[in-house]
Amino acid sequence: MSTRIDASCHCGNIRATFETAGEVAVRECQCSFCRAHASRTVADPQGTLTIRIADERDLSRYRFGRLRLADMLVCRECGVYVAAVMEGGGKAFGILNLRAAGQTPLLSREVTQVDYDAETEEERRTRRERAWTPATVHSASP
């Protein structure tokens, strides 16, 4: 079963396409950033995540938490958190916030609550490189 999810911020500055051929778990991180955004995320290490930025000036790459390893992609114009991306070993890995996808059947799935506060930097990088989706970020502006 192949699944494609298109997501974007309200104004369309950040657009993302998540594609997977398998079943994915819906996660609900318990950090204060994710709880404040009511985020529910998906990832698939065998899938793809393509993110397109229309105007970098309207993009906030917010690094949250004590380790600050990933960019939370938030639109400066409309305030929507669309995805998170981490770079490592010359590659990018990401997760998609389903809340930016509008109505998708995945939002009605049972969620797995996760808490990663106790991870070391090495543990977090390793987990994300193993579990997050290979990602590509394209920007139309400098």
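Every read-out reported here was derived from the displayed coordinates using simple, explicitly stated rules and does not represent laboratory data. Since we're looking at a predicted model, the values are computed, not measured. No Cβ is skipped: glycine too gets one built from the backbone with ideal geometry, and neighbour counts run over all protein chains shown.
Would you confirm whether any residue within the range 59-78 is hydroxyl-bearing (Ser, Thr, Tyr) and touching a residue at least 40 places away in the same chain (Cβ under 8 Å)? Quick ask: steps written out before the conclusion?
So the first thing to find is which residues in the range 59-78 are hydroxyl-bearing (Ser, Thr, Tyr), and the list is 60, 62.
Checking which are touching a residue at least 40 places away in the same chain (Cβ under 8 Å) leaves us with none.
So far as the range 59-78 goes, no, none of its residues is hydroxyl-bearing (Ser, Thr, Tyr) and touching a residue at least 40 places away in the same chain (Cβ under 8 Å).
Counting only residues that are in a strand (DSSP E or B) and charged (D, E, K, R), which one in the range 39-70 is farthest from THR133 (Cα to Cα)?
In the first step, residues of the range 39-70 are kept if they are in a strand (DSSP E or B); the result is 41-42, 48-53, 59-62.
Filter once more, so that each one left must be charged (D, E, K, R): 52, 61.
Numbers: ARG52: 15, ARG61: 18 Å.
It comes out as ARG61.
Pairs under 6 Å by beta carbon, first residue farther than 16 Å from ILE95 by Cβ in the range 1-15, partner among the aliphatic types (A, V, I, L, M), six or more apart or different chains?
Once the first residue is farther than 16 Å from ILE95 by Cβ and sits in the range 1-15, its partners that are among the aliphatic types (A, V, I, L, M) give SER2/ALA21; HIS10/VAL80; ASN13/ALA54.
What is the residue count in the range 76-85 for residues that are out of contact with any Cys (no Cβ under 6 Å at 6 or more places or on another chain) and surrounded by fewer than 19 Cβ atoms within 10 Å (Cβ to Cβ)? Walk me through how you get there before you give the answer.
If we filter the range 76-85 for residues that are out of contact with any Cys (no Cβ under 6 Å at 6 or more places or on another chain), which is where we start, we get 76, 79, 81, 83-85.
Checking which are surrounded by fewer than 19 Cβ atoms within 10 Å (Cβ to Cβ) leaves us with 76, 79.
Final tally of qualifying residues: 2.
Go through the range 98-142 and give me each residue that's polar (S, T, N, Q), surrounded by 10 or more Cβ atoms within 10 Å (Cβ to Cβ) and in a loop (DSSP other than H, G, I, E, B).
Once the filter is applied, which keeps residues that are polar (S, T, N, Q), surrounded by 10 or more Cβ atoms within 10 Å (Cβ to Cβ) and in a loop (DSSP other than H, G, I, E, B), the range 98-142 yields THR104, SER141.
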